[in-house]
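Data block below; observations after.
The values are calculated or read from the model by the stated rules, or taken from the named source; none is laboratory data. Being a predicted model, the structure only gives us computed values, none of them experimental. Glycine also receives a Cβ, built like all others from the backbone with ideal geometry; neighbour counts cover every protein chain displayed.
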Amino acid sequence: MTERALSGLLGELQPGGAGPSDQWCGCLAALLSVDGAAVTVGGSELLWSSSEASTRLDDVQFILGQGPALDTACDGAVHLHPDLERAPAHWSAFITAALAMEVRAVFAFPLCPETTPYGALVCHRSAAGPLPKRAVDDALYASEALTRSLPACAQRITTMKLHRADVHQASGMLSAQLRIPISDALARLRAYAYATERPIIDIARDVLEGHLRLTGR
């Protein structure tokens, strides 16, 4: 049954298939017996996620600039952390935030076309404990299939309403208003979201709608 389910999911990523989606992530999460799964690229853009919890977990990494999605997208390695209380110290802020969300385990698999990492498939679970070897193998098959399928999805992705489109637009607006680099404008949005414990997307929309004006200091 598991092999048939995996084959069906991988088949959706083949030419002519439905392609990756939020629903696809949900089916993969169920197959791997995890609580959620998400697909990100560049460490900065969430493409698909299985649930609101998966989206929030990715948002936390984006705001803090640390976590499995960013490390995997950078080094192309598999990151398996069955207990976040024993995870790397350089993730301290992410660990605190994830545990507050009742996430105890994270597992990240790279998207690596021709050995150059550019994204990640990140799974999470509320219960601590290792991912069974069969599930790790299945996740690797899925990440490899995703890697092959994304170029064919390029046109669809360009027409999608990207999860952080408003964040990027707000960064551009702040950059022009404050006469600072876009990277600094984005850092201000991140810092404000962290300080106020509000979703960065809500902060960005407030900026775009004129409800929030961040100062130049």
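Here's the yes/no breakdown for (1) touching a Lys or Arg at 6+ places or on another chain (Cβ under 8 Å); (2) at pLDDT 90 or above:
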position: Gly76; (1), (2): no, yes
position: Ser92; (1), (2): no, yes
position: Phe109; (1), (2): no, yes
position: Glu114; (1), (2): no, no
position: Leu121; (1), (2): no, yes
position: Arg125; (1), (2): yes, yes
position: Pro130; (1), (2): no, yes
position: Asp166; (1), (2): yes, yes
- Query: Quick one: in region 66-93, which of the residues that are buried (at least 18 other Cβ atoms within 10 Å of the Cβ), over 13 Å from the mean Cα position of the chain (by Cα) and not aliphatic (A, V, I, L, M) is nearest to Ala195 (Cα to Cα)?
  - Reply: Trp91
- Which of the residues belonging to region 33-77 are in a strand (DSSP E or B) and among the aliphatic types (A, V, I, L, M)? Ala37, Ala38, Val39, Val41, Leu46, Leu47
- How many residues does region 179-206 hold that are within 23 Å of the chain's Cα centre (by Cα) and either of a type outside the set (D, E, K, R) or loosely packed, with under 12 Cβ neighbours inside 10 Å (or both)? 18
- Task: Considering only residues that are polar (S, T, N, Q) and over 23 Å from the mean Cα position of the chain (by Cα), look in region 1-26 and name the one that is surrounded by the most Cβ atoms within 10 Å (Cβ to Cβ).
- Result: Thr2
- Does region 146-164 hold any residues that are buried (at least 19 other Cβ atoms within 10 Å of the Cβ), farther than 30 Å from Glu85 by Cβ and in contact (Cβ under 8 Å) with a residue 40 or more places away in the chain, and which are they? Leu150
- Residue check: is Gln61 within 24 Å of Glu85 (Cα to Cα) and polar (S, T, N, Q)? yes
- Message: Considering only region 4-15, I want to know if a residue exists there that is touching a Lys or Arg at 6+ places or on another chain (Cβ under 8 Å) and either assigned to a loop (DSSP other than H, G, I, E, B) or in contact (Cβ under 8 Å) with a residue 40 or more places away in the chain (or both).
- Response: yes
